[in-house]
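The values are calculated or read from the model by the stated rules, or taken from the named source; none is laboratory data. None of the values given here were measured: they were computed from a predicted structure. Glycine also receives a Cβ, built like all others from the backbone with ideal geometry; neighbour counts cover every protein chain displayed.
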Protein chains: 2
Amino acid sequence: MYMPASLFRKLAVKIPLATSLKTYRWELFHSDVFAGIITAILLIPQGMAYALLAGLPVQVGIYTSLLPAIAYVLFGTSRVLSVGPVSIAAIMVASALSSPEIMEYGTPIQNAMILALEGGLILCLMSLLNMGNLVHYISQPVLSGFTSGAAVIILISQIPHMIGLHVQPCNTIENCVTQIPTNINVHEMGLGLLAFSLLIIMGTPLSKLLIYFNLKKSLRTALTKSAPLLSVISGTLLVTLYSLQNTQGVDIVGSIPQGMPEVSFSFLEISTEHALVLLPSAIFISLIAYVESVAIAKVMASARGEKISPNQELVALGTANLASSISGGMPVAGGFSRTMVNYSAGAQTQIAMLIAVTLIAVVLHSLTHTLEYIPTAALAAIIIVAVTPLVKLKSIFQIWHQDKADGFSQAITFIGVLALGIEEGIILGVVATVFNYLKRAGKPHLAVVGRIKNTNHYRNINRHNVETWKHLLLIRIDENITFANINYIAEFIEKEQKNYDAKTIVLIFSSVSYVDTTAVSTFKEMIAGLRLTGTIIHLSEVRGPVFDKLKKMDFFNDLLPGRVFFQTNEAVTNVTKTLN
Amino acid sequence: MYMPASLFRKLAVKIPLATSLKTYRWELFHSDVFAGIITAILLIPQGMAYALLAGLPVQVGIYTSLLPAIAYVLFGTSRVLSVGPVSIAAIMVASALSSPEIMEYGTPIQNAMILALEGGLILCLMSLLNMGNLVHYISQPVLSGFTSGAAVIILISQIPHMIGLHVQPCNTIENCVTQIPTNINVHEMGLGLLAFSLLIIMGTPLSKLLIYFNLKKSLRTALTKSAPLLSVISGTLLVTLYSLQNTQGVDIVGSIPQGMPEVSFSFLEISTEHALVLLPSAIFISLIAYVESVAIAKVMASARGEKISPNQELVALGTANLASSISGGMPVAGGFSRTMVNYSAGAQTQIAMLIAVTLIAVVLHSLTHTLEYIPTAALAAIIIVAVTPLVKLKSIFQIWHQDKADGFSQAITFIGVLALGIEEGIILGVVATVFNYLKRAGKPHLAVVGRIKNTNHYRNINRHNVETWKHLLLIRIDENITFANINYIAEFIEKEQKNYDAKTIVLIFSSVSYVDTTAVSTFKEMIAGLRLTGTIIHLSEVRGPVFDKLKKMDFFNDLLPGRVFFQTNEAVTNVTKTLN
C-alpha cells in the first residue's frame, strides 16, 4: 500500500503518535515492553484503589485504565504521560457523588460516567475555542494549596479504611470527624499496616539498598515499583489462608465481573436537569485534571527534551474522558505516580502504554477472580502512600517567605478546601489571587520628570540631575490607565500639583497603550477640578490607539484649554514661553 | 467661653461641619432657609414613595429623612449632598425583603432596620481598615449598567401602581410579568396619570416658560420642584372630595402614626442566624450606596470647587445608616434628585439640610393626618418620573462604540440585573470587568532590542536603526511578570529564539519591578527547556526588589550558566566575546 509522506505529516499534526511511529526504532521496543509490564503491575491495584476512593466499584478503576489510555496515546503530545484514574480527580468525584442533590438523579456509576462525558466535552470545546490559556488564571500557589488540601482530605478519608475504622466517603473535615465510629476491626488494621509497611520499606530504603548492591536502574525500578502488587498479593494470601472475610468480617474487594467493559451510549438518555446538576462539578474536575496533566507533561517533556502543545493536550484529555464515559469509567487525568513509574521504568514511546493496556485487558478478560480476595485495607494503604507526598505544608511556609501575597493565596486555598470544600477552596484561591493582583496593579509607577540639560531627554527627577521649571510639572505615567489604577493616578497628580504649586501639568503618555472608559471619565472630572484651581493639563507623546480612544470619548473638548503635544520638549517650549 | 482655634481645627478633621460653621456668614442663611424649605417639600412625598418601593410602611421613608440626614450633616464632607431614602437602595431592599429565607426571620421593618445597621457597621469598618478604595473595582461601566438595570426593574414594579394594576413587589422580569393581574382600577389610573402629567409639565416645559418670563433662578426652582407636592395635593383633594377610597376602592397611604420615630436598640436582640442571612444583601446595599453617594458628592464638589474625602464619606454614610437603624428607618444613601434640588434651590451649607429636617419633623409631629389620603398612584408617578432618566440605554451603545470590553461589561451587568437579579448582575459585571482586565494584562509589551550605534542605548529593533549580533537576542520586558502574563512571555521568548536562531538571550528587566512565584517557577522551566536546546539566558538591569525575590526563590542556581549583568551593554560585551 502506498502511503505518501505528506499524509504522515498531516496525521502528525492531529495525531502526534504518528510522529513517534514514523521514527520508531525497534531497539526501543525492548525498553517499552519492560516499562509496559511494570506500569500494568502498578495500574491494576492503583486503579481499584482510586475507584474505591471515588465511591465506585473497583472494576470502574480498571475499566478506566483501558480506552482512555489508548485515546491519550493517539492524541496526546507527551510520549510518556500515563492517563487514567488519579487521586485528586477521584476525591473530586467522591465529593460530587456524595452531594444529596446529585445522588437523587442516578446511581454513582451513572453519575461518574456523565461527569466524564461532560468533562470531555468541556475540554474539547475549550480546544475549539482556543481557551487553553484560561487555566493560567489558576496560579501555582492556588494549585499547590489545592493539591495539599485535597491530599489531606484523601488521607482523612483513607486512614480509617487502612486501620479498619468503618466510615462513609466524605468531603469536608467536619463531615468526616463526626462520622467516625468507634470500633476498629483489628484484622483489617493488621492487613492495612502490613501493606503500608511493605510500601514504605520497598520505597526509598529498598532503592538505596539496591543502589548499594549496584543493580541496574531498570531492574531497581521493577523491584521497587512492584511494592503495590506485593502488598496486594500478601494481603490476599492472608485473607484466603485464614478465610478472614468470613471469620473476622474483613472487607475484601469482592467478586468482579469478568470481561471487558461494555461500550455503551446509555448516557444519551439522561434528562437536562440531570446533566445540569452535574455540570459545575464536571467543570471543576476537568479544569483541574487538565492543569495537573499539563503540569506533569511539561515536567516530563523538559526532562526528555521534548515539546508538548497545551491546545493539543485539551483534545487528548477531552477524548480520553469521552472514551472513559462510553466504557463505564470515571473522569481521568494524567497522574504523577503512574507517569513516573512509566518514565522511570524506561518507557521510550507511547508503545509502552499500549503494552500496559494489553496486559490489563488480559487480566480483565480472564483473571478477575484473582482480585476478589484483595483486602480493601491494602488498597487504602496504597492510596495513602501515593498521596502523602502531595501534602506540602513546608511549601506553604516557603512560598509565604518568598512572597506574602502568593503565600496568602496558597494558605487560603488550602484552608478553604479543608473548611469549605474542594470547589469552594479553588474559587476562594482564585479570588484572592486576582484581588492581590488588582491591588498591586492599582499602584502603577509614576515619575515626576525633568529635562537632562542640553538634550531632549526627560528623566525621573529623583534619579537624575535634571532641569525643571517653576509652576510647570511633568509627570510620566508608566502603565496603562484603567479602573484599577485611575484613582491612584488622579490622587498622585493632585498631590504633586500642590507640592510643586504647578499652574501647568504635562502628562507624558509615552508608556500608555490603553485607557478604559472609567479612566477617561475620571480624568475629565480631575481636569475640571484642577481647572477651577487655575491649573491646566496638557498631554504629550500620546500613542495612536490611545489618541483615537480619547477622541471617541470626546476627551479633547474637556481638556481645553489644554492641548496635546507630539513631543514633551515641544510642550515644554510652548508652556515656558507663557509661564515666564 | 474661650475656644481656641486649634480645637476648631481638630474638630474640622473629624467633623467637617465645624469648618462650615467657622466660616459661616449670615448672608448665606437666607439662601439656606429657602433651599431647606424646597428640599423638605420634595423629601416628604419622595421618602414615602421610596418606602413603598422598598415594601415598607410610608412613615419609614419619612423617619429615614431625619436622623440619617443630621448624621451626614455632622460627619460628611460634601456641603450639599442630601442623604436619605433613595430609589436604587430601595429596590435593593425590596429584593432582599422579598426573599423567602429572609422573610422567615422577621417583619419587613425589622429586616430593613437590620440591613441599615449592618450596612452602617460595614461602612465604618471599611473606613477603619482604610478600604474605601475597594469600591474602585466597581468600574463605571458596571455601575452604569447596574443603575440602568435597577431603574428598569423599578419602572416595571411601579408602572402597575400608577395605572392601578395590583401586583406584588418583585425583583426579576419573569417574576413580575407572571404576577400581573388583569383588572385595572380606572380611578387609580386617572389619579396616577394626573400626577404623572403634572410632574412632566412642571419639569422642563414649565422651566422653559419661566425662563421666557425672566423669573429669578431660585424662584424657578421653587416652582418646578414643588411638582411632587402639587401632584400629591391634587390627588389628595380628589380622593377626599369624592371619597374615592371607599366608593372606588382607590389605594391610599392610610393612617400614619403621629409623632417622632422612637429611638430603639431592639435589633440588639436578633439571633446570629438572622444577622447572617441579611449580611450578603447588607454588603451589596452599603457598597452601592457608598459608590453612588461618592459619585454624586464628587460631581457637586467639582461644581462648587470643593474637595470631598472618600474615607470620611465612609464614616459619614456609615453613621447615617446606623442613625437610620436606631430610628426605625431603612438603608440610606446620597440621592441624586434630592441633592440636585437642594443644590439648585441655592443651598450654601449644611444648614439648608438642617432646616429641611426641622420642617419634616414638624410635619411628623402634628400634620401626619394630612398625608393619610394621598393616593399611592401619585407616589408611584413620583418614583417613575424620578428614575426614568437613570435608564441610559443610549449609553450602553455609546460605551460599546468607545470600548468593546467596557461595553461588554456594561451590557452584561444590565442584562444580568434584569435576568438574574440585582446582586447577581453586579457580580457578573465585576467578574466580566476583571476577566477582560486580566486578558489584556496577559499580553504585555515585549520588545526585541538592539544598540543604537556608538551609544549605550538599546531600543526596539522595529522602530530604530540599531545594531544586532548573530545568535544573540536581546528582549526587553516592559511589565511586571506574574501568573497572568508569564505564559505569554515564555512563548514569545521561545518563538523569538527560533526566529533569530539565538544561542544566547539577554532579558532586560529594567521595567520589571515585581515577579510572583508562578512567574519564577515558569521561568525556571523555560530556562531548563532552552538549555537542552543549547540556549543560555542572561538577565540585565534587574532592580533591587526583583533581585532579592529571585535570590529568595533560588533562581540564580537554575539560571546557571546564565548570569546577571548590571548593564545591558556589559552583558553584550561579555557575550559577544564568546560568541565570535
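Structure data summary
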| quantity | calculated |
| --- | --- |
| Among (1) part of a helix (DSSP H, G or I); (2) touching a Leu at 6+ places or on another chain (Cβ under 6 Å), the one test that residue B:250 misses | (1) |
| Boolean, residue A:333 is under 30 Å from residue A:236 (Cβ atoms) and at pLDDT 85 or above | yes |
| Unique match (being away from every other protein chain (no Cβ under 14 Å), without any contact (Cβ under 8 Å) to a residue 12 or more places away in the chain and assigned to a helix (DSSP H, G or I)) among B:285, B:233 | B:233 |
| Residue check, residue B:475 touching a Lys or Arg at 6+ places or on another chain (Cβ under 7 Å) and either closer than 15 Å to residue B:445 by Cα or outside the structural domain of residue B:553 (by TED's automatic domain parsing) (or both) | no |
| Every residue from segment A:490-530 that is of a type in the set (D, E, K, R), closer than 25 Å to residue A:451 by Cβ and part of a loop (DSSP other than H, G, I, E, B) | A:501, A:503 |
| Qualifying helices (runs of 4 or more DSSP H) (wholly inside segment B:39-115; at least 1 residues being of a type in the set (Asp, Glu)) | B:100-103 |
| Single residue of segment B:291-345 satisfying the filter (farther than 30 Å from residue B:219 by Cβ and within 14 Å of chain A (Cβ to nearest Cβ)) that is surrounded by the fewest Cβ atoms within 10 Å (Cβ to Cβ) | B:307 |
| Qualifying positions in segment A:494-508 - more than 14 Å from chain B (Cβ to nearest Cβ) and of a type outside the set (Lys, Arg) | A:496, A:499, A:500, A:501, A:502, A:504, A:505, A:506, A:507, A:508 |
| Residues (buried (at least 21 other Cβ atoms within 10 Å of the Cβ) and either among the polar types (S, T, N, Q) or part of a strand (DSSP E or B) (or both)) located in segment B:403-449 | B:409, B:410, B:413, B:433, B:449 |
| Residue satisfying condition, being of a type in the set (S, T, N, Q) and surrounded by fewer than 24 Cβ atoms within 10 Å (Cβ to Cβ), within set A:95, A:127, A:82 | A:127 |
| Among the residues listed as A:482, A:518, A:522, the single one being at the interface with chain B (Cβ under 9 Å from one of its Cβ atoms), under 26 Å from residue B:145 (Cβ atoms) and either of a type in the set (Lys, Arg) or touching a His at 6+ places or on another chain (Cβ under 9 Å) (or both) | A:518 |
| Options A:112, A:151; residue that is within 20 Å of the chain's Cα centre (by Cα), closer than 23 Å to residue A:376 by Cα and away from every other protein chain (no Cβ under 14 Å) | A:151 |
| Residue in segment B:538-556 that is over 30 Å from residue B:452 (Cα atoms), small (Gly, Ala, Ser) and modelled with pLDDT under 90 present | no |
| Any hit, segment B:364-372, residues being surrounded by fewer than 20 Cβ atoms within 10 Å (Cβ to Cβ), over 21 Å from residue B:68 (Cα atoms), in contact (Cβ under 8 Å) with a residue 60 or more places away in the chain and within 26 Å of the chain's Cα centre (by Cα) | no |
| Check on residue A:535, closer than 30 Å to residue B:434 by Cα, surrounded by 14 or more Cβ atoms within 10 Å (Cβ to Cβ) and within 13 Å of chain B (Cβ to nearest Cβ) | no |
